[in-house]
Amino acid sequence: MATPGARSFLQVAATEEVASPLRVVQIEGLVILKIIKHCKEFSPALVTGQLLGLDVGSVLEVTNCFPFPVREEDEEIEADGANYQLEMMRCLREVNVDNNTVGWYQSTLLGSFQTVELIETFMNYQENIRRCVCIIYDPLKSNQGVLALKALKLSDSFMDLYRTNNFTGEKLREKNLSWVDIFEEIPIKVSNSALISAFMTELEADTPVVQCDYDRLQLSTSPFLERNMEFLIECMDDLSMEQQKFQYYYRNLSRQQAQQQAWIQKRRLENMARKAAGDEPLPEEDPSNPVFKPLPEPSRLDSFLITNQISNYCNQINGVTGQSFSRLYLTKALHEN
Amino acid sequence: MAAIEHTALQFSTSPSSSLSAKVHPLVIFNICDCYVRRPDQSERVIGTLLGSVLPDGTVDIRNSYAVPHMSAEQVALDIEYHHNMLISHQKVNPKEVIVGWYSTGLGVTGGSALFHEFYSREAPNPVHLTVDTGFVNGVGAIKAYVSVNLSLGDRQLAAQFQEIPLDLRMVEAERVGYDILKTPMVDKLPTDLEGMEASMERLLALIDDVYKYVDNVVEGHVEQDNTIGRFLFDTIASLPKLSPSAFDKLINDSLQDNLLLLYLSSITRTQLTLAEKLNTAAQYAGMPSPVSATLLVGNLQPSVIVSQRGRSR
């Protein structure tokens, strides 16, 4: 009787170990400004930096961050970068900044961030920190008057698959994982200390129109859309390449199946003949035959990522065209008045 | 001699020099954050300001970091920390150099002269920024000073802190939106369409205001003001004069371009969903044929885009 009780106690203990899922990323206004400053200054080069903060239940608080120097391929400099990181964290700890790494931020060009490298970085971080997040900022999109910040993490089911590096169609179907499920976007909250909020209220200009209004009402969106389309076309090319790979695979597979069928057919006829002659039948399977060697299935990871990317571009195009519709109708109405 | 060095005169009259400073909102945020996180016993925070001097002589303060220091009686700065941090910052952005230092509190205090002297050795003519985090007068005063040496013949008498004009218009903060930066907690970032709506509402409110003003002037309720009139005239004149038909064509063309793009992206999305369905179906059946169907669809897409794009340009 005691054993099941103990087991349930163990079970309870085990379930308590499981952390509550990450629901919200709470960013300080300071961090937003720092990220924007760093990304804008180096745009169009892509930059990264580290996020510092606290992990409180289902909320991940990002309270500070620092930029990484632009990376170079040299190994010596890479070691230098690690030193820089340690030094910076030590210095920040001395002025009482939270000293926990909670993830990293990076800038992106029109949201073209869904790459294998990003996933690898994620896995690297995940090894050390249980919960980490990547904040993505798009300086180009922000010029349209939107705050283009996104907090992402990899979904758990995807991480399991990635660890085993098994992206065959069968495995994916088993896990019921589609391309939408690779990244999870986490809602962002912004918090400011009372002191900052007081200063900002004090400093807020009393003009009725601010910079982001000008940005939003800018009529020319075609460069942005054109870039988007260019990227979309590139992605389409990549996707069709991937599809060709699959087609090739399936063609080979069906050829192999046909060969197998033919072989089995032949063997059966032979067996029938042998039976008629009173001999023992031969086995119907022969693993040593090259016809039965399984063909390696190409990984679907790339095509998943590309699909993700495409749907991202589509969303952006939809968003921007939606905005320019309202702008155009506004202009029309104003002109008619 | 030491007594003389400690003397600090503070003039709040308008400065004679043309020097001015511009501050990035990040600096204010950083200072406030450091102040909130200051050690228990200390009353103020001191730190280094980084930035550059613009060609017109304006000091552009773009970044800052706090430097630990001893409490008020003994004025001592952690110089080693200061240098470490400087090296780290310059690795990221070598263009940002020391332009001055900041301290919290209202105005210049006695110890400021010593810190200032230290920073004078680090940078030529440093700017001293004070941020009144205590809201002593009920307002959060942010002021910038430069120091001028008062000397009599060869003898240095004192350092005089002169206030210089400080540009607090923060375009960067406006880009992010004050609504996000001034409230203690924002639950959700505004989406692009919400932002658009807000902008349009503001624009319409402005136009309404102008209408009301003009009506009032025409009816004689308000006295006319030539400068405002000129402004309004300039604004209207800045609109390009287009014939209605040309304007209609312009608007309709861009509308159609946009519609086309919208259509295209919707089609692509539909294709993606379809492709996924077919891919999984192929796996279920174990049959290769539906995949090639997807492939056809996938192949079709780029050529469609290319041919449409030629038009939209």
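The values are calculated or read from the model by the stated rules, or taken from the named source; none is laboratory data. Since the structure is predicted, the reported quantities are computational estimates derived from the model, not experimental observations. Here the Cβ is made from the backbone with ideal geometry for all residues, glycine too, and neighbour counts use every protein chain on show. For accessibility, only protein heavy atoms count, side chains too; no ligands or nucleic acids. Shrake-Rupley method; radii C 1.70, N 1.55, O 1.52, S 1.80 Å.
Brief remarks follow.
- Applying the condition of being aliphatic (A, V, I, L, M) and at pLDDT 75 or above to the range B:151-169 and asking which residue is farthest from the chain's Cα centre (by Cα) yields B:Ile164.
- Selection status of A:Asp160, closer than 21 Å to A:Cys235 by Cα and not assigned by TED's automatic domain parsing to the domain that holds A:Lys245: no
- Considering (1) open to solvent by 30 Å² or more (accessible area, probe 1.4 Å); (2) outside the structural domain of A:Val25 (by TED's automatic domain parsing); (3) touching a Lys or Arg at 6+ places or on another chain (Cβ under 8 Å), the lone condition that A:Val180 does not fulfil carries the number (3).
- Tabulated pairs, the range A:266-278, first in a helix (DSSP H, G or I), second open to solvent by 60 Å² or more (accessible area, probe 1.4 Å) and modelled with pLDDT under 85, C-beta under 6 angstrom, 6+ apart or interchain: A:Arg267/A:Glu284; A:Asn271/A:Pro281; A:Arg274/A:Pro281
- From the options B:Met185, B:Met196, residue that is closer than 30 Å to A:Ile188 by Cα, at the interface with chain A (Cβ under 7 Å from one of its Cβ atoms) and either surrounded by 12 or more Cβ atoms within 10 Å (Cβ to Cβ) or among the polar types (S, T, N, Q) (or both): B:Met196
- Here B:Phe115, B:Phe135 are screened, and the one residue that is closer than 22 Å to A:Ser197 by Cβ, of a type outside the set (Val, Ile, Thr) and either away from chain A (no Cβ under 14 Å) or surrounded by fewer than 16 Cβ atoms within 10 Å (Cβ to Cβ) (or both) is B:Phe135.
Table: residues versus (1) of a type in the set (S, T, N, Q); (2) within 10 Å of chain B (Cβ to nearest Cβ); (3) exposed (fewer than 13 other Cβ atoms within 10 Å of the Cβ).
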residue	(1), (2), (3)
A:Glu270	no, no, no
A:Ala276	no, no, yes
A:Glu284	no, no, yes
A:Pro290	no, no, yes
A:Lys293	no, no, yes
A:Leu301	no, no, no
A:Phe304	no, yes, no
A:Gly319	no, yes, no
A:His335	no, yes, no
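- Scanning the range B:237-274 for residues that are more than 7 Å from chain A (Cβ to nearest Cβ), part of a helix (DSSP H, G or I) and either on the phi > 0 side of the Ramachandran plot or over 37 Å from the mean Cα position of the chain (by Cα) (or both) yields B:Pro244, B:Ser245, B:Ala246, B:Asp248, B:Lys249, B:Ile267, B:Thr270, B:Gln271, B:Thr273, B:Leu274.
- Selection within the range B:138-149 - within 13 Å of chain A (Cβ to nearest Cβ) and farther than 14 Å from B:Val27 by Cβ: B:Gly138, B:Val139, B:Ala141
- Answer from A:Asn124, A:Asn143 - the residue that is of a type in the set (S, T, N, Q), within 14 Å of chain B (Cβ to nearest Cβ), open to solvent by 50 Å² or more (accessible area, probe 1.4 Å) and at negative phi: A:Asn143
- Matching entry among B:Ile98, B:Ile79 (being over 30 Å from A:Glu204 (Cα atoms), without any contact (Cβ under 8 Å) to a residue 60 or more places away in the chain and β-branched (Val, Ile, Thr)): B:Ile79
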